[in-house]
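Below: one structure, written as C-alpha coordinates.
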Amino acid sequence: MKQRHNKIVIGNIRIKLSDLILSFSKALDFINPAMMSHHIRVAIIASEIARHYGMPHNEVANIFVASTLHDIGAFSLKDRLTTLDFEIKNPQSHAEKGYLILKNTGFDLLPDVAKIIRYHHMPWADGRGAYFEGEEVHIGSHIIHLSDRIEVLIDRQKYILNQGREISDIIKAKAGSMFMPDVVKAFEELSQKEYFWLDAASPEVDQIIYDRNVLPDVELNAEGLLKTARLFSHIIDYRSRFTAVHSAGVSAVAALLAQMAGFSDLECEMMRIAGYLHDIGKLAIPSEIIEKPARLSDEEFNVMKSHVYHSYRILEAISGLEIINTWASFHHERMDGGGYPFHIRGNELPIGSRIMAVADVFTAITEDRPYRKGMSGENALKVIEDMAKNNSLDKSIVDLASTYFRHLDYVRIEAQLRAGEEYAAVKGLME
(Lines give C-alpha, C1' and ligand atoms only; values in the text may rest on other atoms or scores of the structure.)
Protein backbone atom coordinates (compact mmCIF):
# COMPACT_ATOMS: atom_id res chain seq x y z
CA MET A 1 0.00 0.00 0.00
CA LYS A 2 1.50 3.32 -1.06
CA GLN A 3 0.15 6.81 -1.17
CA ARG A 4 1.65 9.91 -2.73
CA HIS A 5 2.21 12.86 -0.43
CA ASN A 6 0.81 16.28 -1.14
CA LYS A 7 3.77 18.65 -1.17
CA ILE A 8 6.32 20.29 -3.44
CA VAL A 9 9.12 18.38 -5.13
CA ILE A 10 12.34 18.74 -3.19
CA GLY A 11 15.77 19.25 -4.75
CA ASN A 12 19.05 18.70 -2.93
CA ILE A 13 19.70 20.04 0.57
CA ARG A 14 22.13 22.87 1.24
CA ILE A 15 22.36 24.04 4.84
CA LYS A 16 25.01 26.29 6.35
CA LEU A 17 26.79 24.52 9.21
CA SER A 18 27.18 27.89 10.92
CA ASP A 19 23.39 28.47 10.98
CA LEU A 20 22.86 25.02 12.46
CA ILE A 21 25.50 25.45 15.15
CA LEU A 22 24.35 28.93 16.17
CA SER A 23 20.74 27.82 16.54
CA PHE A 24 21.78 24.76 18.52
CA SER A 25 24.09 26.83 20.73
CA LYS A 26 21.26 29.19 21.58
CA ALA A 27 19.11 26.18 22.43
CA LEU A 28 21.72 25.03 24.95
CA ASP A 29 21.09 28.23 26.89
CA PHE A 30 17.28 28.01 26.94
CA ILE A 31 17.26 25.96 30.13
CA ASN A 32 17.62 28.95 32.46
CA PRO A 33 17.55 32.77 32.06
CA ALA A 34 20.94 32.95 33.81
CA MET A 35 22.43 30.99 30.90
CA MET A 36 20.89 33.08 28.13
CA SER A 37 23.40 33.65 25.32
CA HIS A 38 26.28 32.39 27.49
CA HIS A 39 27.78 30.18 24.77
CA ILE A 40 27.45 32.84 22.06
CA ARG A 41 28.99 35.53 24.27
CA VAL A 42 31.91 33.26 25.13
CA ALA A 43 32.37 32.71 21.38
CA ILE A 44 32.41 36.47 20.73
CA ILE A 45 35.02 37.03 23.44
CA ALA A 46 37.16 34.01 22.48
CA SER A 47 37.19 34.75 18.75
CA GLU A 48 38.32 38.33 19.37
CA ILE A 49 41.10 37.24 21.75
CA ALA A 50 42.19 34.60 19.21
CA ARG A 51 42.29 37.16 16.41
CA HIS A 52 44.21 39.65 18.55
CA TYR A 53 46.63 36.87 19.50
CA GLY A 54 47.36 36.48 15.78
CA MET A 55 45.80 33.10 15.09
CA PRO A 56 44.92 32.26 11.45
CA HIS A 57 41.30 32.52 10.31
CA ASN A 58 40.63 28.78 10.24
CA GLU A 59 41.85 28.42 13.84
CA VAL A 60 39.70 31.36 14.92
CA ALA A 61 36.72 29.63 13.28
CA ASN A 62 37.45 26.37 15.15
CA ILE A 63 37.72 28.25 18.44
CA PHE A 64 34.47 30.05 17.71
CA VAL A 65 32.59 26.80 17.04
CA ALA A 66 34.13 25.09 20.10
CA SER A 67 33.04 28.07 22.20
CA THR A 68 29.44 27.81 21.00
CA LEU A 69 29.32 24.14 22.07
CA HIS A 70 31.76 24.11 25.00
CA ASP A 71 29.26 23.01 27.69
CA ILE A 72 27.44 20.29 25.71
CA GLY A 73 28.55 17.77 28.35
CA ALA A 74 26.72 19.60 31.16
CA PHE A 75 23.38 17.77 30.95
CA SER A 76 21.35 18.90 33.98
CA LEU A 77 20.24 22.36 35.10
CA LYS A 78 22.45 21.94 38.17
CA ASP A 79 25.46 21.12 35.98
CA ARG A 80 24.77 24.11 33.75
CA LEU A 81 24.42 26.56 36.63
CA THR A 82 27.59 25.21 38.24
CA THR A 83 29.53 26.21 35.13
CA LEU A 84 28.63 29.83 35.91
CA ASP A 85 30.69 29.73 39.12
CA PHE A 86 34.09 31.35 38.63
CA GLU A 87 35.80 28.56 40.59
CA ILE A 88 34.23 25.29 39.39
CA LYS A 89 34.59 22.04 41.32
CA ASN A 90 35.60 19.13 39.06
CA PRO A 91 35.41 21.22 35.86
CA GLN A 92 36.90 18.49 33.67
CA SER A 93 33.82 16.25 34.08
CA HIS A 94 31.49 18.05 31.68
CA ALA A 95 34.37 18.94 29.34
CA GLU A 96 35.29 15.27 29.00
CA LYS A 97 31.66 14.30 28.40
CA GLY A 98 31.38 16.86 25.62
CA TYR A 99 34.58 15.57 24.02
CA LEU A 100 33.42 11.96 24.16
CA ILE A 101 30.05 12.73 22.58
CA LEU A 102 31.76 14.50 19.67
CA LYS A 103 34.47 11.88 19.31
CA ASN A 104 32.21 8.83 19.46
CA THR A 105 29.71 10.31 17.04
CA GLY A 106 32.46 10.60 14.46
CA PHE A 107 31.85 14.33 13.96
CA ASP A 108 34.72 15.02 11.56
CA LEU A 109 33.53 18.20 9.86
CA LEU A 110 35.61 20.29 12.29
CA PRO A 111 37.99 17.78 13.90
CA ASP A 112 39.80 20.21 16.23
CA VAL A 113 36.58 21.24 17.96
CA ALA A 114 36.35 18.09 20.11
CA LYS A 115 39.96 18.44 21.28
CA ILE A 116 39.48 22.12 22.13
CA ILE A 117 36.34 21.38 24.15
CA ARG A 118 38.06 18.54 26.02
CA TYR A 119 40.49 20.85 27.81
CA HIS A 120 38.57 24.10 27.97
CA HIS A 121 38.86 24.14 31.78
CA MET A 122 42.53 23.13 31.89
CA PRO A 123 44.40 25.41 34.34
CA TRP A 124 47.75 26.72 33.10
CA ALA A 125 49.43 25.70 36.38
CA ASP A 126 52.71 27.51 35.64
CA GLY A 127 53.05 25.77 32.29
CA ARG A 128 52.01 22.27 33.28
CA GLY A 129 48.66 22.87 31.55
CA ALA A 130 50.38 22.99 28.17
CA TYR A 131 50.14 19.18 28.13
CA PHE A 132 47.84 16.57 29.60
CA GLU A 133 49.05 12.98 29.88
CA GLY A 134 51.54 13.59 27.10
CA GLU A 135 49.02 15.25 24.75
CA GLU A 136 49.51 18.87 23.81
CA VAL A 137 46.58 21.06 24.86
CA HIS A 138 45.31 23.20 21.98
CA ILE A 139 45.77 26.91 22.65
CA GLY A 140 42.10 27.29 21.77
CA SER A 141 41.27 25.45 24.99
CA HIS A 142 43.16 28.05 27.02
CA ILE A 143 41.51 30.89 25.10
CA ILE A 144 38.04 29.47 25.78
CA HIS A 145 38.92 28.84 29.44
CA LEU A 146 39.81 32.51 29.84
CA SER A 147 36.85 33.76 27.77
CA ASP A 148 34.40 31.56 29.66
CA ARG A 149 35.55 32.97 32.99
CA ILE A 150 35.42 36.55 31.67
CA GLU A 151 31.81 36.01 30.59
CA VAL A 152 30.69 34.59 33.95
CA LEU A 153 32.26 37.57 35.75
CA ILE A 154 30.09 40.02 33.79
CA ASP A 155 27.13 41.21 35.88
CA ARG A 156 24.25 41.70 33.47
CA GLN A 157 22.50 44.00 35.96
CA LYS A 158 25.32 46.55 35.80
CA TYR A 159 26.59 48.73 32.97
CA ILE A 160 29.39 46.89 31.24
CA LEU A 161 31.95 49.73 30.98
CA ASN A 162 31.85 50.12 34.75
CA GLN A 163 33.01 46.51 35.19
CA GLY A 164 35.98 46.19 32.86
CA ARG A 165 38.74 47.22 35.24
CA GLU A 166 37.53 44.99 38.08
CA ILE A 167 37.19 41.97 35.79
CA SER A 168 40.62 42.63 34.29
CA ASP A 169 42.18 42.77 37.75
CA ILE A 170 40.63 39.42 38.72
CA ILE A 171 41.89 37.80 35.51
CA LYS A 172 45.41 39.26 35.80
CA ALA A 173 45.68 37.96 39.35
CA LYS A 174 45.13 34.43 37.97
CA ALA A 175 47.66 34.68 35.12
CA GLY A 176 50.13 31.83 35.33
CA SER A 177 48.10 29.80 37.79
CA MET A 178 44.66 29.54 36.19
CA PHE A 179 45.23 31.17 32.80
CA MET A 180 47.95 31.06 30.14
CA PRO A 181 49.95 34.33 30.54
CA ASP A 182 50.29 35.05 26.80
CA VAL A 183 46.52 34.73 26.36
CA VAL A 184 45.94 36.99 29.37
CA LYS A 185 48.29 39.55 27.78
CA ALA A 186 46.20 39.56 24.59
CA PHE A 187 43.07 40.04 26.73
CA GLU A 188 44.69 42.91 28.69
CA GLU A 189 45.42 44.77 25.46
CA LEU A 190 41.85 44.26 24.25
CA SER A 191 40.37 45.22 27.61
CA GLN A 192 41.60 48.79 27.10
CA LYS A 193 39.20 49.16 24.18
CA GLU A 194 35.58 49.94 24.94
CA TYR A 195 34.24 48.04 21.93
CA PHE A 196 35.52 44.76 23.37
CA TRP A 197 33.33 45.10 26.45
CA LEU A 198 30.37 46.57 24.57
CA ASP A 199 30.45 43.61 22.15
CA ALA A 200 30.69 41.15 25.05
CA ALA A 201 27.49 42.53 26.60
CA SER A 202 25.60 43.57 23.47
CA PRO A 203 22.12 42.16 22.77
CA GLU A 204 22.98 42.27 19.04
CA VAL A 205 25.01 39.07 19.17
CA ASP A 206 23.96 37.79 15.74
CA GLN A 207 25.03 40.97 13.97
CA ILE A 208 28.38 41.01 15.78
CA ILE A 209 29.06 37.42 14.77
CA TYR A 210 28.28 38.00 11.10
CA ASP A 211 30.22 41.28 11.01
CA ARG A 212 33.33 39.52 12.31
CA ASN A 213 33.18 36.87 9.58
CA VAL A 214 34.50 34.14 11.88
CA LEU A 215 31.91 31.50 11.05
CA PRO A 216 33.16 28.37 9.28
CA ASP A 217 32.32 28.47 5.59
CA VAL A 218 30.95 24.93 5.41
CA GLU A 219 27.80 23.96 3.53
CA LEU A 220 26.09 20.70 4.42
CA ASN A 221 24.40 18.37 1.97
CA ALA A 222 21.97 15.68 3.13
CA GLU A 223 24.78 13.38 4.28
CA GLY A 224 26.53 16.09 6.30
CA LEU A 225 23.26 17.29 7.78
CA LEU A 226 22.36 13.73 8.78
CA LYS A 227 25.69 13.31 10.58
CA THR A 228 25.29 16.66 12.37
CA ALA A 229 21.67 15.92 13.32
CA ARG A 230 22.74 12.57 14.75
CA LEU A 231 25.35 14.34 16.89
CA PHE A 232 22.74 16.78 18.18
CA SER A 233 20.36 13.92 18.96
CA HIS A 234 22.97 12.43 21.30
CA ILE A 235 23.30 15.71 23.18
CA ILE A 236 19.49 15.91 23.45
CA ASP A 237 18.90 12.30 24.44
CA TYR A 238 21.89 11.62 26.70
CA ARG A 239 20.48 13.92 29.36
CA SER A 240 18.54 10.88 30.63
CA ARG A 241 19.14 7.15 30.37
CA PHE A 242 15.39 6.81 29.70
CA THR A 243 15.66 8.82 26.45
CA ALA A 244 19.19 7.82 25.43
CA VAL A 245 18.05 5.90 22.34
CA HIS A 246 14.73 7.61 21.65
CA SER A 247 15.64 9.78 18.65
CA ALA A 248 17.47 6.88 16.98
CA GLY A 249 14.28 4.80 17.14
CA VAL A 250 12.02 7.61 15.95
CA SER A 251 14.39 8.43 13.10
CA ALA A 252 14.51 4.82 11.86
CA VAL A 253 10.75 4.25 12.13
CA ALA A 254 9.86 7.57 10.49
CA ALA A 255 12.24 7.00 7.57
CA LEU A 256 10.82 3.52 6.94
CA LEU A 257 7.22 4.74 7.11
CA ALA A 258 8.12 7.54 4.68
CA GLN A 259 9.53 4.98 2.26
CA MET A 260 6.36 2.92 2.53
CA ALA A 261 4.30 6.05 1.88
CA GLY A 262 6.11 6.71 -1.41
CA PHE A 263 8.66 9.33 -0.38
CA SER A 264 11.77 9.68 -2.55
CA ASP A 265 15.21 8.58 -1.30
CA LEU A 266 16.16 12.17 -0.49
CA GLU A 267 12.87 12.77 1.32
CA CYS A 268 13.43 9.62 3.39
CA GLU A 269 16.85 11.00 4.37
CA MET A 270 15.14 14.24 5.33
CA MET A 271 12.68 12.28 7.44
CA ARG A 272 15.59 10.52 9.14
CA ILE A 273 17.13 13.92 9.90
CA ALA A 274 13.81 15.22 11.22
CA GLY A 275 13.61 12.22 13.52
CA TYR A 276 17.00 13.02 14.99
CA LEU A 277 16.01 16.66 15.53
CA HIS A 278 12.37 16.29 16.58
CA ASP A 279 13.08 16.70 20.31
CA ILE A 280 15.72 19.43 20.10
CA GLY A 281 13.40 21.66 22.14
CA LYS A 282 13.87 19.34 25.12
CA LEU A 283 17.13 21.19 25.73
CA ALA A 284 14.89 23.85 27.26
CA ILE A 285 13.29 21.34 29.65
CA PRO A 286 15.00 20.75 33.02
CA SER A 287 16.29 17.18 33.27
CA GLU A 288 14.63 17.03 36.68
CA ILE A 289 11.28 17.02 34.86
CA ILE A 290 12.44 14.60 32.16
CA GLU A 291 13.67 12.14 34.80
CA LYS A 292 10.92 12.58 37.37
CA PRO A 293 10.13 9.07 38.73
CA ALA A 294 6.38 9.71 38.74
CA ARG A 295 3.75 11.17 36.48
CA LEU A 296 4.14 14.88 35.87
CA SER A 297 1.91 17.39 37.60
CA ASP A 298 -0.23 19.65 35.41
CA GLU A 299 2.29 22.44 35.88
CA GLU A 300 5.21 20.19 34.95
CA PHE A 301 3.37 18.80 31.95
CA ASN A 302 2.80 22.34 30.69
CA VAL A 303 6.57 22.87 30.83
CA MET A 304 7.14 19.59 28.99
CA LYS A 305 4.59 20.51 26.30
CA SER A 306 6.65 23.57 25.42
CA HIS A 307 9.49 21.45 24.00
CA VAL A 308 7.85 21.15 20.57
CA TYR A 309 7.34 24.92 20.44
CA HIS A 310 11.02 25.39 21.21
CA SER A 311 11.93 22.79 18.56
CA TYR A 312 9.98 24.79 16.00
CA ARG A 313 11.57 28.12 16.91
CA ILE A 314 15.11 26.69 17.05
CA LEU A 315 14.85 25.05 13.63
CA GLU A 316 12.89 27.97 12.15
CA ALA A 317 16.04 30.10 12.22
CA ILE A 318 17.92 27.75 9.86
CA SER A 319 17.50 28.61 6.18
CA GLY A 320 16.76 25.56 4.05
CA LEU A 321 15.36 23.49 6.93
CA GLU A 322 11.74 24.60 6.58
CA ILE A 323 10.23 21.26 5.50
CA ILE A 324 12.31 19.24 7.95
CA ASN A 325 11.18 21.66 10.66
CA THR A 326 7.48 21.05 10.03
CA TRP A 327 7.99 17.29 9.95
CA ALA A 328 10.02 17.37 13.18
CA SER A 329 8.23 19.99 15.24
CA PHE A 330 4.58 19.04 14.61
CA HIS A 331 4.95 15.52 16.01
CA HIS A 332 2.56 16.23 18.89
CA GLU A 333 -0.13 17.70 16.64
CA ARG A 334 -3.16 15.45 16.12
CA MET A 335 -5.60 14.89 13.26
CA ASP A 336 -8.53 16.03 15.38
CA GLY A 337 -6.78 19.26 16.40
CA GLY A 338 -6.31 18.06 19.96
CA GLY A 339 -2.51 18.11 19.85
CA TYR A 340 -0.09 20.90 20.73
CA PRO A 341 1.27 23.55 20.56
CA PHE A 342 -0.38 24.88 17.34
CA HIS A 343 -3.52 22.67 17.24
CA ILE A 344 -3.19 21.99 13.52
CA ARG A 345 -5.80 19.55 12.29
CA GLY A 346 -6.66 17.27 9.39
CA ASN A 347 -5.31 18.02 5.95
CA GLU A 348 -3.57 21.14 7.26
CA LEU A 349 -1.08 18.83 8.95
CA PRO A 350 1.69 17.83 6.48
CA ILE A 351 1.89 14.10 5.85
CA GLY A 352 5.52 14.13 6.97
CA SER A 353 4.36 15.46 10.34
CA ARG A 354 1.71 12.73 10.56
CA ILE A 355 4.38 10.11 9.89
CA MET A 356 6.58 11.61 12.61
CA ALA A 357 3.66 11.58 15.05
CA VAL A 358 3.10 7.86 14.50
CA ALA A 359 6.83 7.13 14.73
CA ASP A 360 7.17 9.12 17.96
CA VAL A 361 4.21 7.51 19.74
CA PHE A 362 5.12 4.00 18.61
CA THR A 363 8.75 4.41 19.71
CA ALA A 364 8.09 6.27 22.96
CA ILE A 365 5.63 3.76 24.41
CA THR A 366 8.02 0.87 23.79
CA GLU A 367 10.65 2.58 25.94
CA ASP A 368 11.03 2.52 29.71
CA ARG A 369 10.28 5.75 31.51
CA PRO A 370 10.96 6.66 35.15
CA TYR A 371 7.30 5.98 36.03
CA ARG A 372 6.49 2.99 33.77
CA LYS A 373 7.93 0.08 31.83
CA GLY A 374 7.94 0.11 28.05
CA MET A 375 5.33 -1.88 26.09
CA SER A 376 6.02 -4.70 23.67
CA GLY A 377 5.88 -3.79 19.99
CA GLU A 378 2.56 -5.64 19.64
CA ASN A 379 0.93 -3.66 22.44
CA ALA A 380 2.35 -0.43 21.06
CA LEU A 381 0.75 -1.23 17.72
CA LYS A 382 -2.63 -1.66 19.43
CA VAL A 383 -2.25 1.76 21.05
CA ILE A 384 -1.58 3.58 17.79
CA GLU A 385 -4.41 1.66 16.10
CA ASP A 386 -6.78 2.88 18.81
CA MET A 387 -5.45 6.43 18.37
CA ALA A 388 -6.18 6.18 14.63
CA LYS A 389 -9.76 5.03 15.36
CA ASN A 390 -10.19 8.10 17.56
CA ASN A 391 -8.90 10.33 14.73
CA SER A 392 -5.83 11.29 16.72
CA LEU A 393 -3.24 9.71 14.41
CA ASP A 394 -3.52 9.40 10.62
CA LYS A 395 -5.26 6.08 9.88
CA SER A 396 -3.49 5.59 6.54
CA ILE A 397 -0.07 5.85 8.21
CA VAL A 398 -1.10 3.57 11.05
CA ASP A 399 -2.41 1.07 8.47
CA LEU A 400 1.07 1.07 6.92
CA ALA A 401 2.61 0.45 10.33
CA SER A 402 0.17 -2.39 10.93
CA THR A 403 0.73 -4.02 7.53
CA TYR A 404 4.51 -3.94 7.84
CA PHE A 405 4.63 -4.18 11.61
CA ARG A 406 7.25 -6.96 11.91
CA HIS A 407 9.70 -5.15 9.67
CA LEU A 408 8.98 -1.81 11.34
CA ASP A 409 9.50 -3.19 14.83
CA TYR A 410 12.70 -4.96 13.76
CA VAL A 411 14.12 -1.70 12.34
CA ARG A 412 13.23 0.15 15.55
CA ILE A 413 14.84 -2.46 17.78
CA GLU A 414 18.01 -2.64 15.69
CA ALA A 415 18.38 1.15 15.59
CA GLN A 416 17.91 1.43 19.32
CA LEU A 417 20.30 -1.44 20.05
CA ARG A 418 23.03 0.31 18.04
CA ALA A 419 22.26 3.61 19.74
CA GLY A 420 22.30 1.85 23.13
CA GLU A 421 25.76 0.47 22.42
CA GLU A 422 27.01 3.95 21.55
CA TYR A 423 25.47 5.38 24.71
CA ALA A 424 26.94 2.61 26.86
CA ALA A 425 30.38 3.24 25.39
CA VAL A 426 30.22 6.96 26.09
CA LYS A 427 28.63 6.47 29.51
CA GLY A 428 31.26 3.91 30.48
CA LEU A 429 34.07 6.26 29.50
CA MET A 430 32.41 9.09 31.42
CA GLU A 431 32.18 7.14 34.69
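The values are calculated or read from the model by the stated rules, or taken from the named source; none is laboratory data. Just so we're clear, the structure is a prediction, and the values are computed from it rather than from any experiment. Using ideal geometry, Cβ is built from the backbone for each residue, glycine included, and neighbour counts are taken over all protein chains shown. The accessibility values were calculated without ligands, DNA or RNA, using every heavy atom of the protein model including side chains. Shrake-Rupley method; radii C 1.70, N 1.55, O 1.52, S 1.80 Å.
Details
- Segment R345-K389, extension gain: residue separation times 0.36 nm, minus the distance between their alpha carbons: 14.3 nm
- On full extension, the segment bounded by E378 and N58 gains 110.0 nm, given 0.36 nm per residue less the C-alpha separation.
- Our estimate of slack between D217 and E135, defined as 0.36 nm per intervening residue step minus the Cα-Cα distance, is 26.7 nm.
- Within the chain, the proportion of Cα pairs with more than 30 Å between them is 44 percent.
- Accessible solvent surface per residue of the chain, calculated while the other protein chains remain in place, 1.4 angstrom probe, Å²: 42 Å²
- Neighbours of N58 by Cβ distance under 13 Å: Lys/Arg scored +1, Asp/Glu scored -1, total -2.
- Take the Cα radius of gyration of segment 234-368 and divide it by 2.2 N^0.38 Å, N being the number of residues; the result is 1.00.
- Pair-distance distribution of segment 234-288: all C-alpha pairs, bin width 10 Å, starting at 0; shares per bin in whole percent are 27, 44, 22, 7, 0.
- Take the Cα of S402, step 7 Å toward its Cβ, do the same at E421, and the gap between the two points is 3.5 nm.
- Computed over segment 121-171, the percent of Cα pairs more than 12 Å apart is 67.
- Relative to the longest principal axis of the Cα atoms of the chain, the long axis of helix 92-105 lies at roughly 50 degrees.
- Using a probe of 1.4 Å, the accessible surface attributed to F405 totals some 10 Å² when neighbouring protein chains are kept in position.
- In terms of Cα atoms, the Rg and Dmax of segment 174-310 work out to 21.4, 63 Å.
- Geometric descriptor of segment 119-213, per residue, is 99 Å³ (volume of the convex hull of the Cα atoms).
- The angle between the Cα long axis of helix 351-364 and the longest principal axis of the Cα atoms of the chain comes to about 80 degrees, rounded to the nearest 10.
- Helix 139-153 vs. the chain, principal-axis angle (Cα, 0 to 90°, nearest 10): 90 degrees
- Local electrostatic count at V205 - Lys and Arg +1, Asp and Glu -1, tallied over other residues with Cβ under 15 Å: -4
- Across segment 22-67, counting alpha-carbon atoms alone, Rg and Dmax equal 11.6, 35 Å.
- Net charge in the neighbourhood of D279 (other residues with Cβ under 9 Å of its Cβ; Lys, Arg +1, Asp, Glu -1) is -1.
- Stokes-Einstein D in µm²/s, Kirkwood radius over Cα pairs - segment 314-431 at 10 °C with 1.306 mPa s viscosity: 102 µm²/s
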